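Following: one structure in structure tokens, then a few remarks.
The values are calculated or read from the model by the stated rules, or taken from the named source; none is laboratory data. None of the values given here were measured: they were computed from a predicted structure. Backbone-built Cβ (ideal geometry, glycine too); neighbour counts: all protein chains shown. Quick note on the areas: whole protein, heavy atoms, side chains included, nothing else; ligands and nucleic acids left out. Shrake-Rupley method; radii C 1.70, N 1.55, O 1.52, S 1.80 Å.
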Amino acid sequence: TLRDLVALLYQIMNQKQLDMWIVFGYDIREYYKQIENIDQFGEWILNLCQVLLQNIRQKKQTVDTDLQTRLTKMMEENLENGISLDFLSDQFSMRPDALSRLFKQMMGKGYTEYIKEKKMERALELLKEDESVKDIAQKLGYNSPQYFIKIFKEVYGVTPYQYKKEHFKNSRE
């Protein structure tokens, strides 16, 4: 029935935390009673759905931006503390698989790739501060300096030692 359809739309609005007075400017639970025929109702419901979808999309974009900001901040703050997808999913009260999909959608790359990138950026900073390769590997949560060197070389094409040597050579000239 029409009443059931309007009740469903009202329920969706409540779930999405949308105020019908702000979205539509009137109470849809009462307005539908004024509609005289099915064609009028069809036009009205189509308009309602378009406005509702537009508002849900706007709200989702705001939530996604906020979540992305919070995720990025938490990852930066915990980069040297062995941050994991399970840790993040606990912090955001989400299942790891759901967070992983959302992460890829928001960041444009997978969690593992993103973390590797951030760790390598941090490794460059630590090399510039003249930290040892062993200390950098340990700080960034790598199980062994050899594995850290392997990953570094995959990303930058040279070992951390070679990078450090080249970096300091260039900074002296």
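Structure notes:
- Residue that is most open to solvent (accessible area, probe 1.4 Å), among those in the stretch 74-85 that are in contact with a helix residue (DSSP H, G or I) (Cβ under 8 Å, 6 or more places away or on another chain) and in contact (Cβ under 8 Å) with a residue 24 or more places away in the chain: Glu76
- Scope the stretch 108-141; condition closer than 19 Å to Leu88 by Cβ and exposed (fewer than 14 other Cβ atoms within 10 Å of the Cβ); matching residues: Gly108, Lys109, Thr112, Glu113, Glu117, Glu121
- Restricting the stretch 29-68 to residues that are at pLDDT below 75 and aliphatic (A, V, I, L, M), the residue that is surrounded by the fewest Cβ atoms within 10 Å (Cβ to Cβ): Val63
- Only one of the listed residues (Leu88, Leu102, Leu71) is surrounded by 14 or more Cβ atoms within 10 Å (Cβ to Cβ) and either at pLDDT below 85 or at positive phi (or both). That residue is Leu102.
- If only residues of the stretch 1-13 that are more than 17 Å from Gly42 (Cβ to Cβ) and surrounded by 11 or more Cβ atoms within 10 Å (Cβ to Cβ) are counted, the one that is modelled with the lowest pLDDT is Met13.
- Lone unmet requirement of (1) open to solvent by less than 50 Å² (accessible area, probe 1.4 Å); (2) without any contact (Cβ under 8 Å) to a residue 12 or more places away in the chain; (3) under 18 Å from Asn81 (Cβ atoms) for Ser144: (3)
- Cross-chain or 6+ apart pairs with Cβ under 7 Å, the stretch 94-108 first and more than 13 Å from Ser84 (Cα to Cα) and in a helix (DSSP H, G or I), then open to solvent by 40 Å² or more (accessible area, probe 1.4 Å) and not charged (D, E, K, R): Met106/Gln68
- Out of Lys134, Lys139, sole residue that is without any contact (Cβ under 8 Å) to a residue 24 or more places away in the chain, touching a helix residue (DSSP H, G or I) at 6+ places or on another chain (Cβ under 8 Å), closer than 16 Å to Glu80 by Cβ and basic (Lys, Arg): Lys134
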